């Protein structure tokens with residue numbers, strides 16, 4: 001019993017909980033093992049920030065965090081990558097879009113689900129509103145993850161523990177009033193009031209809803225005629241980027257690559273942008289501009305990219321109509337080309353290239369689109385980003401900027417020739433890692449600026 005009590009108030013854990021939750025946090029429920037025997041591993045993941053549950057939510061103001069629910073997981077045995085068990089979808093504690101069913105069930109998680117690898121003795125902290133759950137265990141040994149759930153000092157979450165929570169503390173005079181009146185006088189954190197009673201009303205009458213589901217009317221309804229793909233919108237709002245697969249066909253790809261080959265002598269090697277990074281160091285980056293003004297027929301595959309219906313449709317819901325184009329530019333990195341140190345973020349905010357979400361709309365003032373003319377293989381270099389950083393509230397640490405100490409946050413995207421990448425330029429932290437492939441990179445970068453701003457104060 002003592003080892004488990006010691007973990008309850010382990011000094012390092014307490015220090016982190018004071019920073020993340022705030023002073024006065026408490027254990028919300030009894031510790032439990034996370035394993036196939038204690039969890040329904042076929043159940044959908046739970047959590048997410050939409051609809052918002054204030055008693056479990058993440059708050060940020062004036063450089064202070066107030067995370068009302070935190071799960072502390074102690075690894076009592078090693079968990080390797082691919083072992084299964086506890087999983088989560090990063091960044092969902094700040095999501096503004098309801099989780100699509102396919103993401104929660106895992107039927108099509110769009111590559112978002114993350115299973116953390118841990119060594120015995122590790123401590124893993126996760127916000128209560130992060131989408132999370134347990135998947136079937138595939139590891140060699142038994143799963144040994146011990147979970148403690150903590151709540152903020154004033155947060156009302158689950159019923160308490162002990163014999164008194166089974167009592168009904170209502171005074172005798174409550175028998176003289178209506179059930180609806182009694183429902184408004186409940187005492188929280190008892191079994192009879194967890195979850196609290198639900199009163200529904202049309203403004204003229206009041207009744208109790210026995211389902212127990214939260215009644216919180218919304219002024220807005222989802223528009224089924226918006227033409228927006230639910231999962232694409234969720235992915236974009238959560239991560240700050242989106243990849244569309246196979247937009248270009250083989251003929252289009254062939255013509256675009258042929259044009260770059262034709263004008264290879266016009267490629268210019270640019271300045272060093274690795275900014276002193278050891279990880280990103282290399283030679284200058286080759287680029288080819290003026291693609292829209294190449295002589296016929298070599299300009300056509302690039303002009304076809306401008307106002308392309310598939311792209312324009314996404315640009316419209318990402319930032320609204322009126323977006324204008326600059327570029328395109330071909331990135332032609334060769335083996336050994338340096339990377340571009342990571343830059344941009346939600347903090348510090350720069351409104352002309354920022355990101356906001358309001359009333360169901362994405363307001364991304366700067367979106368960059370990159371058309372892939374060749375495959376981008378794993379760990380071979382190319383576009384890299386910190387997913388979710390378009391909503392960051394803290395400045396980027398120097399090690400992340402240089403990728404010399406990226407804290408596991410930097411993701412190099414894997415793409416195929418014909419894919420199209422969108423990212424919230426200026427808001428989401430991004431850059432490139434050094435190109436390691438013997439086959440040169442071929443990506444066409446086109447920048448879109450919103451109707452509301454110049455990107456850099458004037459053009």
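The values are calculated or read from the model by the stated rules, or taken from the named source; none is laboratory data. Note that the coordinates shown come from a computational prediction; the quantities given were computed from them, not determined experimentally. Neighbour counts run over all protein chains shown; Cβ positions are idealised from the backbone, glycine included.
Out of all the residues in region 285-296, which are within 30 Å of residue 410 (Cα to Cα) and loosely packed, with under 15 Cβ neighbours inside 10 Å? 289 - this is the single residue of region 285-296 that is within 30 Å of residue 410 (Cα to Cα) and loosely packed, with under 15 Cβ neighbours inside 10 Å.
Among the residues making up region 49-71, none is farther than 17 Å from residue 155 by Cβ and either outside the structural domain of residue 85 (by TED's automatic domain parsing) or not in a loop (DSSP other than H, G, I, E, B) (or both). Scan region 1-48 for residues that are in a loop (DSSP other than H, G, I, E, B) and touching a helix residue (DSSP H, G or I) at 6+ places or on another chain (Cβ under 7 Å) and the total you get is 6.
Residue under question is residue 65, and the condition is that it be surrounded by fewer than 21 Cβ atoms within 10 Å (Cβ to Cβ), touching a residue at least 40 places away in the same chain (Cβ under 8 Å) and in contact with a helix residue (DSSP H, G or I) (Cβ under 9 Å, 6 or more places away or on another chain); does it hold? Even if it seems obvious, please write down each step before you answer.
On the way: surrounded by fewer than 21 Cβ atoms within 10 Å (Cβ to Cβ): yes; touching a residue at least 40 places away in the same chain (Cβ under 8 Å): yes; in contact with a helix residue (DSSP H, G or I) (Cβ under 9 Å, 6 or more places away or on another chain): yes.
Taking the combined requirement at face value, the residue satisfies it.
Return yes or no: is residue 275 more than 30 Å from residue 292 (Cα to Cα), surrounded by fewer than 19 Cβ atoms within 10 Å (Cβ to Cβ), at pLDDT below 95 and under 24 Å from the mean Cα position of the chain (by Cα)? So residue 275 fails the test. Remark: residue 141 matches the filter, which requires a residue to be surrounded by fewer than 16 Cβ atoms within 10 Å (Cβ to Cβ) and at pLDDT below 95.
Okay, residues lined up against (1) modelled with pLDDT under 95; (2) assigned to a loop (DSSP other than H, G, I, E, B); (3) on the phi > 0 side of the Ramachandran plot; (4) buried (at least 16 other Cβ atoms within 10 Å of the Cβ):
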position: 271; (1), (2), (3), (4): yes, yes, no, no
position: 280; (1), (2), (3), (4): no, yes, no, yes
position: 298; (1), (2), (3), (4): no, yes, no, yes
position: 301; (1), (2), (3), (4): no, no, no, yes
position: 313; (1), (2), (3), (4): no, no, no, no
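Of the residues making up region 27-41, those that are under 24 Å from residue 10 (Cα atoms) and surrounded by 14 or more Cβ atoms within 10 Å (Cβ to Cβ) are 27, 28, 29, 31, 33, 34, 35. Evaluated against (1) within 24 Å of residue 20 (Cα to Cα); (2) touching a residue at least 40 places away in the same chain (Cβ under 8 Å); (3) surrounded by 12 or more Cβ atoms within 10 Å (Cβ to Cβ), residue 121 falls short on exactly one condition, (3).
Listed residues 189, 213, 149; which is out of contact with any helix residue (DSSP H, G or I) (no Cβ under 6 Å at 6 or more places or on another chain), under 22 Å from residue 57 (Cα atoms) and part of a strand (DSSP E or B)? Don't jump to the end; show me each part of the working.
Working: 189 fails: part of a strand (DSSP E or B); 213 fails: part of a strand (DSSP E or B).
That would be 149, the only listed residue that is out of contact with any helix residue (DSSP H, G or I) (no Cβ under 6 Å at 6 or more places or on another chain), under 22 Å from residue 57 (Cα atoms) and part of a strand (DSSP E or B).
Can you tell which of 197, 116 is surrounded by 13 or more Cβ atoms within 10 Å (Cβ to Cβ), without any contact (Cβ under 8 Å) to a residue 60 or more places away in the chain and closer than 30 Å to residue 232 by Cα?
On the way: 197 fails: closer than 30 Å to residue 232 by Cα.
116 is the lone residue from the list that is surrounded by 13 or more Cβ atoms within 10 Å (Cβ to Cβ), without any contact (Cβ under 8 Å) to a residue 60 or more places away in the chain and closer than 30 Å to residue 232 by Cα.
Per the conditions (1) in contact with a strand residue (DSSP E or B) (Cβ under 9 Å, 6 or more places away or on another chain); (2) in a loop (DSSP other than H, G, I, E, B), the sole criterion not satisfied by residue 348 is (1).
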